[in-house]
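The values are calculated or read from the model by the stated rules, or taken from the named source; none is laboratory data. Not measured: the values here are computed from a predicted model. Ideal geometry is used to build each Cβ from the backbone, glycine not excepted, and the neighbour counts take in all protein chains shown.
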Amino acid sequence: MDYEISFDMFENSTDNISEESGDFELNLQEPCSSVLSSNFNKIFLPTVYGIIFILGIIGNGLVVVVMGYQKKVKTMTDKYRLHLSVADLLFVLTLPFWAVDAAQNWYFGSFLCVSVHMIYTVNLYSSVLILAFISLDRYLAVVRATNSQATRKLLANRVIYVGVWLPAALLTVPDMVFARVHKKYHFTDPSMDTAESRTICQRIYPQETSFQWTAASRFQHILVGFVLPGLVILICYCIIIAKLSQGAKAQALKKKALKTTVILIVCFFGCWLPYCLGIFLDTLMMLNVIRSSCELQQAVEKWISVTEALAYFHCCLNPILYAFLGVKFKKTARTALTVSSRSSQKVNLMTKKRGAISSVSTESESSSVLSS
């Protein structure tokens, strides 16, 4: 039988003890060990986080570079892609911290604990909300094409900050208040003569309201991070599919657009739905709505670990789904890389010939990314 007990590194009192971290919660009746799940996470999570980090940096970094190469962002699609890539890029930058935390300990101190939590939260929510804005923009471009230009510009230039970045920033308030570094002691001996300690970084809620805070946090994540943007995405793209299915003109283009639209829907719900179902089920078990057992608890914990990695993998798919599928974006990327390569070769050649580097200016080709 295993016992876990945690002590806050900043407070000696038990006022800020969290049910979520198992503080002073010696569950002697339920011989349910979390060692298997913990050992699984120590190997699985760092590996997957490392893969997502590398792929996310390459894909989203390339989008940001190409967008920066364009001296002027001209289309609404360009702006959404840039917002999305920045959000995903900042999100994946937090993954190495969580990988080290899962494998060993939190070594980065209290300031980075709060900072990484805040960056993680703001970009987790902003990325899915931006996807909802992209679907709304495409709905206006396809279904309301004749008189939607002004509305699309307003959404892309102004409303996105109020509808995406502001609520995402406000949702970091619990991180500022509750995120902290604390010691977690793991007892493997019922006599509690020996214990292993581990430093972790997580939210520590007040003991008397821990259940409420934990449940509210999880339902908030499901509602704001999945249900609301998911409904917008599903409704907008279903209307787009219905619109594109009408008429017989330009069937080849319509088939490609329909295929792309279906892929966007399947990828979003395929990545996020399993994870949200997992934390929803775990929350119902925590609130005793569903009778829990040791086997079910361990199965749900492992399900959440696996599906969480799948959900985070969506930030690696976003550059492919929302940028690289665009013909004009691919042309702009090739132009940017070609011009960069030619400029480098020209500078090297001039350096060899004259021993000095002349100023070389290159002008980007007038190209815009394929708009919705």
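A few comments on the model shown:
- Cβ separations smaller than 6 Å between residues 6+ apart or across chains give the following pairs from region 178-189 residues that are closer than 12 Å to Ile200 by Cα to residues that are modelled with pLDDT of 65 or more and aliphatic (A, V, I, L, M): Ala179/Val114; Arg180/Ile204; Lys184/Ile200.
- Among (1) touching a strand residue (DSSP E or B) at 6+ places or on another chain (Cβ under 9 Å); (2) aromatic (Phe, Trp, Tyr); (3) farther than 23 Å from Cys271 by Cα, the one test that Phe111 misses: (1)
- Which listed residue is touching a residue at least 40 places away in the same chain (Cβ under 8 Å) and either over 15 Å from His314 (Cβ atoms) or of a type in the set (Ser, Thr, Tyr) (or both), from Ala102, Ala145, Ala132, Ala87: Ala102
- Going through (1) modelled with pLDDT under 70; (2) among the small types (Gly, Ala, Ser); (3) surrounded by 18 or more Cβ atoms within 10 Å (Cβ to Cβ) one by one, Ser305 falls short only on (1).
- For Ala309: the one exception among (1) assigned to a helix (DSSP H, G or I); (2) more than 15 Å from the chain's Cα centre (by Cα): (2)
- Ser191 being in contact with a Lys or Arg (Cβ under 7 Å, 6 or more places away or on another chain) and either among the hydrophobic types (A, V, I, L, M, F, W, C) or at pLDDT below 85 (or both): no
- In region 157-188, residue modelled with the highest pLDDT [restricted to those that are surrounded by 13 or more Cβ atoms within 10 Å (Cβ to Cβ) and among the basic types (Lys, Arg)]: Arg180
- Candidate set: region 36-72, residues that are of a type in the set (Phe, Trp, Tyr) and at pLDDT 90 or above; chosen: the one farthest from Trp106 (Cα to Cα): Phe53
- Listed by first and then second residue, the pairs linking a residue in region 275-297 that is farther than 22 Å from Val227 by Cα to a residue that is acidic (Asp, Glu) and part of a helix (DSSP H, G or I), with Cβ atoms under 9 Å apart and 6 or more places separating them unless they lie on different chains, are Gln297/Asp282.
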